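Asker: So that we are looking at the same thing, I have put the structure below in structure tokens.
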Amino acid sequence: MIVTRLPDVEPRPRRVAVGTFDGVHLGHRAVIAGSDTVLTFDPHPLAVIAPDRRPPLLTTLERKVELIGELGVREVVVVPFDEGWARHSAQAFIDEVLAGALRATHVSVGENFRFGHRASGDPALLAADGRFEVRVAPMLEVHGEIVSSSLIRSLVLAGDVEAAGRLLGAPFRYAGIVEHGEKRGRELGFPTANLSPRPGYAVPAHGVYAAVAHLDDGTSAPAAVSIGVRPTFATELGVLVEVYLIDWTGDLYGRELRVDFLKRLRGELRFDSVEALVEQMHLDVDAALATVSGRT
């Protein structure tokens with residue numbers, strides 16, 4: 001798949017799906033269906049227009065491109081969104097980008113899509129243009145709720161990664177570089193890979209999770225993941241994401257680890273003794289392994 005940034009695009013006719021597509025959830029996939037090109041924005045427009053309202057993101061640009069590529073899309077075109085782009089009128093966006101640079105023959109958007117300065121553009125303005133066909137995908141409803149990035153963020157932040165994964169169409173993924181920590185897990189018999197939370201991205205609620213960890217060499221392993229502040233120990237490290245790769249040995253420091261969250265096993269607990277903590281960790285690992293095995 002080709003990834004380009006405006007204005008560096010090949011001149012050719014395109015069937016274009018347009019949106020921010022954070023998470024590339026089931027509703028987004030309905031918008032993208034039938035398109036050969038996806039036009040998206042980086043950074044998230046609210047990071048420029050209203051930084052105080054920027055939501056914690058579900059996907060990095062890299063992950064978004066990966067998920068879109070799995071849908072059979074030929075090209076992802078990224079708008080490098082900045083203050084200049086924020087001042088573009090809705091009509092200028094149509095003229096310069098859709099009809100101009102992308103030579104769109106078909107444009108697909110969600111019914112709640114808004115664009116242009118002060119969000120003045122909407123699907124009706126696109127449909128009135130006449131230079132391309134317009135498909136407006138209705139909001140997708142699952143079990144009586146509208147599928148949206150906002151809903152999925154709230155599920156992730158509440159720890160319900162299982163429900164979030166169903167609406168995403170894939171497990172919620174968190175990625176980071178493995179850093180050195182206090183090596184407390186190693187002392188307890190459970191050496192963990194420590195990932196510092198990434199500013200601006202959603203992190204599941206404190207607790208213990210069953211997950212699958214993907215390494216940068218293409219291999220993967222079942223994992224038990226602890227997110228929290230280690231209430232059993234006195235520490236000032238803040239929130240930690242600690243990943244225990246089950247039945248795996250090797251050096252992970254400095255390597256990227258991508259973690260697919262499958263299920264929350266329990267909330268964060270404080271234990272009266274290290275022995276009680278270790279006993280619970282054995283139970284957590286068994287539960288994580290059973291969860292991953294049940295998904296394969």
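Asker: Just to verify a result, which residue in the range 168-187, among those that are modelled with pLDDT under 70 and part of a loop (DSSP other than H, G, I, E, B), is surrounded by the most Cβ atoms within 10 Å (Cβ to Cβ)?
Answerer: Keep residues of the range 168-187 that are modelled with pLDDT under 70, which gives 181-187.
Add one more test, that the residue is part of a loop (DSSP other than H, G, I, E, B), and what stays is 181-183.
Working: Gly181: 18, Glu182: 13, Lys183: 11.
This residue is Gly181.
Asker: While we're here: Just give me the residues in the range 100-142 being without any contact (Cβ under 8 Å) to a residue 40 or more places away in the chain, under 29 Å from Arg166 (Cβ atoms) and either crowded, with 18+ Cβ neighbours inside 10 Å or not assigned by TED's automatic domain parsing to the domain that holds Gly84 (or both), in sequence order.
Answerer: Pro123
Asker: Take Val79 and tell me if it is in a loop (DSSP other than H, G, I, E, B), assigned by TED's automatic domain parsing to the domain that holds His117 and in contact (Cβ under 8 Å) with a residue 40 or more places away in the chain. Full working, then the answer.
Answerer: Numbers: in a loop (DSSP other than H, G, I, E, B): no; assigned by TED's automatic domain parsing to the domain that holds His117: yes; in contact (Cβ under 8 Å) with a residue 40 or more places away in the chain: yes.
No: the conditions fail for Val79.
Asker: Could I ask something else about it? Need a quick list: strands (runs of 3 or more DSSP E) entirely within the range 1-44 having at least 1 residues that are buried (at least 24 other Cβ atoms within 10 Å of the Cβ).
Answerer: On the way: elements: 2-5, 14-18, 37-42.
So the answer is 14-18, 37-42.
Asker: Kindly indicate the residue of the range 239-291 that is aromatic (Phe, Trp, Tyr) and out of contact with any helix residue (DSSP H, G or I) (no Cβ under 8 Å at 6 or more places or on another chain) and also surrounded by the fewest Cβ atoms within 10 Å (Cβ to Cβ) among those meeting that condition. Full working, then the answer.
Answerer: Step one: filter the range 239-291 for residues aromatic (Phe, Trp, Tyr), giving 244, 248, 253, 261, 271.
Add one more test, that the residue is out of contact with any helix residue (DSSP H, G or I) (no Cβ under 8 Å at 6 or more places or on another chain), and what stays is 248, 253.
On the way: Trp248: 16, Tyr253: 11.
Checked the range 239-291; the qualifying residue surrounded by the fewest Cβ atoms within 10 Å (Cβ to Cβ) is Tyr253.
Asker: Turning to a different aspect of this structure: Residues in the range 212-231: is at least one at pLDDT 95 or above, buried (at least 19 other Cβ atoms within 10 Å of the Cβ) and more than 26 Å from Asp286 (Cβ to Cβ)?
Answerer: Scanning the range 212-231, I find no residue that is at pLDDT 95 or above, buried (at least 19 other Cβ atoms within 10 Å of the Cβ) and more than 26 Å from Asp286 (Cβ to Cβ), so the answer is no.
Asker: Kindly list the number of the only condition in (1) touching a residue at least 60 places away in the same chain (Cβ under 8 Å); (2) crowded, with 16+ Cβ neighbours inside 10 Å that fails for Lys64.
Answerer: (1)
Asker: Checking Asn112 against (1) in contact with a strand residue (DSSP E or B) (Cβ under 7 Å, 6 or more places away or on another chain); (2) assigned to a loop (DSSP other than H, G, I, E, B), only one condition comes out false. Which one?
Answerer: With respect to (1) in contact with a strand residue (DSSP E or B) (Cβ under 7 Å, 6 or more places away or on another chain); (2) assigned to a loop (DSSP other than H, G, I, E, B), Asn112 is out only on (1).
The values are calculated or read from the model by the stated rules, or taken from the named source; none is laboratory data. This is a predicted model, so every value here is computed, not measured. Don't worry about glycine lacking a Cβ; one is built from the backbone with ideal geometry, like all the others, and counts go over all protein chains shown.
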